[in-house]
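Trainee: So that we are looking at the same thing, I have put the structure below in structure tokens.
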Amino acid sequence: MSSTYYPLSPTNIPKKLTGLTPSYQFRAFLAILAILLFFVLYSAMVVALGYLAYYAIIYDMGDVNKLTILLKVGAIAGSAMLFVFTLKFIFKLKNHKFTNRIKLEKSKNPELWSFINKICEETGAPKPKSIYVDPDVNAYVAYSNMWLSLFLPVRKELTIGMGLTDCLNLSEFKAVVSHEFGHFAQRSMKIGSYIISANTIIHDMIFDRDKWDDLLDQWRASDIRLSAAAWVITPIIWVIRQILNLFYQFLNIMYSSLSREMEFNADKVAVSTSGSDAIISALWKLDEGSNNWNSTLNHAYLAAQKKIFVKNLYVHNALVIERGAEKQKSLLSQLPEDNRGGKHYFSVSEASKVSMYASHPPNDKREDSAKVPYIDCAADERSPWLLFGNKDELQERMTTLLYKQYFDKVAEKHVAKQTFEDFIKTENQGAELLEEYDNSFQDRFMHVPELSELKKAAAKVEAPNLGMLDNLKSELKILMQPAKEIEELMSKAQQIAQGTAKEKSFSFKGIEYTKKNLENGYTFLLNQREEIFNENFKQWDTSFCALHYAIADGAGKTAELEAHYQQHDCLTKLYKKITGIKNSIYQSVNNLQEREDVTQAQVHSLTENIKQMADAINDELKALETISFVPMPNIDSIQELKEAIVEGGVFKREQGNIFENGGFNTIMSNIETAILSCQRIDQKSIGTILSFHKKLQEQLG
């Protein structure tokens, strides 16, 4: 390839920049030791249980009678079950198949392949077997066959996310790809394969419940003369699982420690090809890039529910990025100068919000590592899409694949670009009004008083004016303060859990919470915030609605406002009803699981109850037809409203034994989706009310 699309590399690279540190080598040694220890003990267990099965077959019974025959059969069956238990994972061995990728042929993407090969030359990494793209903000390296890689020098594959390509410049793209090739060059990457393999074995034996467990349960349930051996091996299995669980935790602690060092080293590789700033500025941009892509995906999903499909989603993602470009440029200019060189991107410890970097070290630590020493390099601001062959064709193919794999949809026809943009604009209507009220409606229900109570409260409002509204907004800020303080503690709890906070604990209401009881503390904070929202805002909501009812009364628009309030009240009740049904189903299932002896009749009764609860949601959806419908953004009718909650506007009744045919998972998945949809509709409804309020406020001049 010509050097046209290959950014300049730094020239002042220290010789040992990418060398392995003593800390790296020590952690690699510990990880290898842990792997060897596991496989030695695991092999010993397999051999021992295999020999036990062999001995059970060949040992001399002595006198032949009913008892000795039962003992012989029980010994053979029990030892065979134990032996199969250690090897049952073999029957499940398979490489993960990625269904959301497109392979990039060399002949159609010569510039990209040449670009990658040039990076390989710079980093000393082996060239990839294949290059793929997937839809997301993503980049990773993987073995083409993980299980073969344990024994053979299997070549690796590179996957590049098209969402990532959208939001970086050419230098940053080079740095991110160089980071991945830094892993290519790391021999310790194979340690990860062994750790993953060991985890697969252990996870299957400890956590997976399959036909082997069903067979053991059936055996224990048979006549005691036949099931004695099953009862004997049950505690043995329990002990093996507990020991393996300790190994599971030990292996992952060892690997997570090594993984941190591997990421720092891979960052150094990126620095060697692109300078210190490129990989860090990429990290800084990727959080927003991920948010933009998730927003584009969300709008694509919602539009698909209305049969609105576009040919190329990446055109619209580019428009989202373009709309935020000035803001990003402003934020970048406001970053402080780093005395080591360049900008100081991360001043506090925080984990990346991008899934590809979720398990990596905190961003500020990565910045510190990448800038010691600081390596200067000119930035190439061009788009990485220059490297791809037919960009538009690739983006259109990926859009079609994305609709199928992510949304299970096939586009019958495509709309014009502006139609989709209009959908997005409509979808975001009312968002600015929610912000005007300090986003106080985001995590709570808006209380709409009964009509008689509303009229009574409105009658007390004398000469409504905008000053009253300003007073309400001031009161709202005061009411929100305790909730915001709790949310700050919730954020700190999350940082402690991620290991990105300087503090190791937080205190609330005289109780200190550390990592040991962090989950309890977070749940307590969540409940306290919920209590504040439920108890402290009811009077404010009543005053807020009453003020606007009084304004509407003076303008002759009470009927319209009542329709808005009635609809929102019905939607709130539906939201709470579906959430309550979800909780009731899970509680019923948990109650049954806690019982020692569960009969088939009890399972059948629970199955019918769950189906009836799901049917009850349909009754609630049907009841929506009785309200005076008020259109909301992108929801223009009662039928569209129901379809926005559940596909087709109705929950389909699952047939048969839902715990065996997958029906239970389908029901719960549909309910979870309906709850998320209700959250969206709740915000739309409040936005619609606030928009109508805004029109009423204009009556006051």
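Trainee: Could you tell me how many of the residues in the range 615-643 are aliphatic (A, V, I, L, M) and either in a loop (DSSP other than H, G, I, E, B) or at pLDDT below 90 (or both)?
Mentor: Going through the range 615-643 one residue at a time, the tally reaches 2.
Trainee: For the range 183-197, which positions are under 21 Å from Gln25 (Cα atoms) and either at pLDDT 65 or above or open to solvent by 30 Å² or more (accessible area, probe 1.4 Å) (or both)?
Mentor: His183, Phe184, Ala185, Arg187, Lys190, Ile191, Tyr194, Ile195, Ile196 - these are the residues of the range 183-197 that are under 21 Å from Gln25 (Cα atoms) and either at pLDDT 65 or above or open to solvent by 30 Å² or more (accessible area, probe 1.4 Å) (or both).
Trainee: Scan the range 21-44 and tell me whether some residue there is open to solvent by 40 Å² or more (accessible area, probe 1.4 Å) and outside any helix (DSSP H, G or I).
Mentor: yes
Trainee: Given the structure, is Glu412 closer than 27 Å to Gln305 by Cα, modelled with pLDDT under 95 and outside any loop (DSSP other than H, G, I, E, B)?
Mentor: no
Trainee: Right, next: Tell me, which residue of the range 552-585 that is free of Cβ contacts under 8 Å to residues at least 60 places away in the same chain and assigned to a helix (DSSP H, G or I) is most open to solvent (accessible area, probe 1.4 Å)?
Mentor: Here the answer is Lys573.
Trainee: Of all residues being at pLDDT 90 or above and of a type in the set (S, T, N, Q) in the range 317-361, which is most open to solvent (accessible area, probe 1.4 Å)? Just the residue, please.
Mentor: Asn339
Trainee: Turning to a different aspect of this structure: Where the second residue is surrounded by 14 or more Cβ atoms within 10 Å (Cβ to Cβ) and the first is of a type in the set (D, E, K, R) and lies in the range 222-249, which pairs have Cβ atoms under 7 Å and are six or more apart or on separate chains?
Mentor: Final answer for the pair search is Arg225/Leu70; Arg241/Met205; Arg241/Ile206.
Trainee: Return the residues of the range 216-261 that are among the polar types (S, T, N, Q) and either surrounded by 12 or more Cβ atoms within 10 Å (Cβ to Cβ) or within 30 Å of Thr68 (Cβ to Cβ) (or both); say none if nothing qualifies.
Mentor: Those that are among the polar types (S, T, N, Q) and either surrounded by 12 or more Cβ atoms within 10 Å (Cβ to Cβ) or within 30 Å of Thr68 (Cβ to Cβ) (or both): Gln218, Ser222, Ser227, Thr234, Asn245, Asn252, Ser256, Ser257, Ser259.
Trainee: Given the residues Asp470, Asp541, which is the only one that is touching a Pro at 6+ places or on another chain (Cβ under 9 Å) and either closer than 28 Å to Glu453 by Cα or in a strand (DSSP E or B) (or both)?
Mentor: Asp541
Trainee: Can you pull out every residue in the range 615-630 that is open to solvent by 10 Å² or more (accessible area, probe 1.4 Å) and in contact (Cβ under 8 Å) with a residue 12 or more places away in the chain?
Mentor: Asp615, Ala616, Asn618, Glu620, Ala623, Glu625, Ile627, Ser628, Phe629, Val630
Trainee: Could you list, in sequence order, the residues of the range 518-547 that are touching a residue at least 60 places away in the same chain (Cβ under 8 Å) and among the β-branched types (Val, Ile, Thr)?
Mentor: Result: Thr542, single match.
Trainee: Okay, next question. What residue, among those in the range 415-448 that are acidic (Asp, Glu) and assigned to a helix (DSSP H, G or I), is nearest to the chain's Cα centre (by Cα)?
Mentor: Glu427
Trainee: Next up: On the given criteria, is Glu531 more than 30 Å from Lys622 (Cα to Cα), among the charged types (D, E, K, R), open to solvent by 70 Å² or more (accessible area, probe 1.4 Å) and part of a helix (DSSP H, G or I)?
Mentor: Yes: the conditions hold for Glu531.
Trainee: Is there a residue in the range 682-699 that is in contact with a Lys or Arg (Cβ under 6 Å, 6 or more places away or on another chain), buried (at least 16 other Cβ atoms within 10 Å of the Cβ) and in a helix (DSSP H, G or I)?
Mentor: Checking the range 682-699: not a single residue is in contact with a Lys or Arg (Cβ under 6 Å, 6 or more places away or on another chain), buried (at least 16 other Cβ atoms within 10 Å of the Cβ) and in a helix (DSSP H, G or I).
The values are calculated or read from the model by the stated rules, or taken from the named source; none is laboratory data. What you see is a predicted model; the values in this text were computed from it and never measured. Quick reminder, even Gly has a Cβ in these numbers, built from the backbone with ideal geometry, and neighbours come from all protein chains shown. Just so you know, the surface numbers come from the protein's heavy atoms only, side chains and all, with ligands and any DNA or RNA stripped out. Shrake-Rupley method; radii C 1.70, N 1.55, O 1.52, S 1.80 Å.
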